[in-house]
Amino acid sequence: MDNLKAISALMVEDNIDHAELMMDAFSDFNIKNTIAHVMDGEQAVAYLRNEAPFEDSSQFTRPDIVFLDIRMPRQGGIETLKIIKADPALSGIPVVMISTSSTAPEIEECYSLGASGYITKPLKFDDFVNKMKELNYYWVLTSELPS
C-alpha cells in the first residue's frame, strides 16, 4: 500500500483523547495523510473559510474531508453541518459525522442535511482504530474526492 494517495482531513472533535485516537489511526493508515484538528463547530467554519485565526491559507489548507463530532460545546455538529452545506464555497466538501449515538432519527437528520457518512464511535479502543482504518480504506481507495 505504498502508492496510496494522500488526503487531508479536518477533525472537529472536542474530546482530545478521541481526536488523538482518530488522528493517529488516520495517519497510521497512510503516513502521507495530513490532518488538522479544531475543538468545535465555530472553529471548523472559521478554518474552512480561512477566517481568524486561520487566515494563512498556505498553513490552513482546505481539507479533502471533514470528520465532524455531533456533540460539542458552543456550536454542535448538526448546526455546523448546516452551515457547511449552505455555503456554496464549502458545500462540496464531504462531511462524515461521528457520534457515540446510533439513534435512527439523528442518523436520518444528518444524512438529510447532506452528511456523506455517519460513524458511531465504538467503546473499545481496537474497534475504534478498526473503524478509522475502514473509513480510510473507503475515502482513500474506493471513493474519488472532489478537487
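A short reminder: the numbers here are calculations on the coordinates, not readings from a lab. Everything numeric in this text was worked out from a predicted model, so none of it was measured. Here the Cβ positions follow ideal geometry from the backbone for every residue, glycine too, while neighbour counts run over all protein chains shown.
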Exercise. Report the FRET efficiency, 1/(1 + (r/R0)^6), for Lys32 and Phe125, where r is their Cβ-Cβ distance and R0 is 35 Å, rounded to 0.05.
Key: 0.90
Quiz item: Amide H to amide H, which residues 5 or more places from Met97 or on other chains are under 5 Å from it, using H placed in the peptide plane?
Solution: Leu68, Ser116, Gly117, Tyr118, Ile119
Quiz item: When the Karplus curve 6.51 cos²θ - 1.76 cosθ + 1.60 is applied with θ = phi - 60°, which whole-Hz ³J(HN,Hα) does each residue of the range 57-68 get, with x for Gly and Pro?
Solution: 5, 6, 8, 10, 7, 5, x, 6, 8, 10, 9, 10
Self-check item: Rounded FRET efficiency, nearest 0.05, which uses the C-beta distance separating Ala86 from Asn15 and R0 of 22 Å
Solution: 0.25
Quiz item: Once amide H atoms are placed 1.01 Å from N in the peptide plane, what residues at a sequence separation of 5 or more from Thr34, or on another chain, have their amide H within under 5 Å of its amide H?
Solution: Ile7, Ser8, Ala9
Quiz item: Just Leu21, Leu68, Leu123 to compare: in a GNM of the chain, with alpha carbon springs under 10 Å, which one fluctuates most?
Solution: Leu123
Practice problem: Sort Val66, Val12, Val140, Val129 so the one with the fewest other Cβ atoms within 10 Å of its own Cβ comes first. | Solution: Val129, Val140, Val66, Val12
Practice problem: Mind sorting out which of (1) -0.56, -1.40; (2) -0.74, -1.12; (3) -0.45, -1.35 is the real log10 I(q)/I(0) by the Debye sum over Cα atoms at q = 0.12, 0.20 Å⁻¹ computed from the coordinates? | Solution: (3)
Self-check item: Difference of contour (0.36 nm per residue) and Cα-Cα distance, Ile107 to Arg62
Solution: 13.6 nm
Self-check item: 20 Å Cα-Cα reach of Lys133 towards aspartates and glutamates, excluding residues that sit fewer than 8 places from it in its own chain
Solution: Asp2, Glu13, Asp17, Glu20, Asp24, Asp28, Asp64, Asp69, Glu144
Practice problem: Name the longest site-free stretch of the chain, where the excluded sites are GluC sites (Glu not before Pro) in a DSSP loop with no more than 11 other beta-carbon atoms within 10 Å. | Solution: 56-143
Self-check item: FRET efficiency, 1/(1 + (r/R0)^6) with R0 41 Å, evaluated for Arg49 and Ser143 via beta carbons
Solution: 0.95
